[in-house]
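Report on one structure; see the data block that follows.
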Amino acid sequence: MKRIVAFILMFSFIVMFTGCQQTEFAKKEKIFRLVEENYDAIVTACENGDIEALYSIDGTEFVNVYDGYIIVLCAGFGIAPSSQDYGFYYSPEGLPAAIDCCEEIIRYSEDLSPEGNGFECTVDYNTFYTEHIKGKIYFYKNAY
C-alpha cells in the first residue's frame, strides 16, 4: 500500500513539474476565447472600473488596476525563476504595453519589440509578451 501511495505522489509531482500541463498555446487560446465570449461585459466593466464584474467572469483569478490599466490574471504557475502568468489587460489608450503584475511596472509601447503576432519586452531575466485580442484588450504572458 505504501508503494502505491508513493508511486501516486511521485507521478503527481512529475506531472506538475515537467510541463505536462496545458501548453502555452492552449492557455493563449483559452484566454482569447474567454475575451471573445465575454467581450461586451469585459469592456463595460473596465470602462466603469467594475472590478467585481470582472471577478464574476469564469476564468478570472485576480484583477489589478494600475495607472488606468486593468490587468486580469487568468492562469499562473511555477516558482521563480521559472514562473509564468497569463491573462489579459485593458489598455486605456488602446496601445500595447508591457505590464509586470508583481512589480506593477508598465513599460509603454515604445519599449516593446515586435515578436510573433505581438510585442515583447525583456528586462534582466524577465520576459513580457503581449498580443492584441480585440478593441483595447490585449493578451499577456509574463515569464520571470
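All of the numbers you see were taken from the coordinates with simple rules; none came from a lab. None of these values were measured; they are calculated from a predicted model. Methodologically, a virtual Cβ is constructed for each residue, glycine included, from the backbone with ideal geometry; neighbour enumeration extends over all protein chains shown.
Annotations for the structure displayed:
- Packing-based ranking of 32-44, 82-94 yields 82-94, 32-44, ordered from highest to lowest mean Cβ neighbour count within 10 Å.
- Note on LYS134 and ILE79: with the Förster distance fixed at 25 Å, the Cβ-Cβ geometry gives a FRET efficiency of about 0.15.
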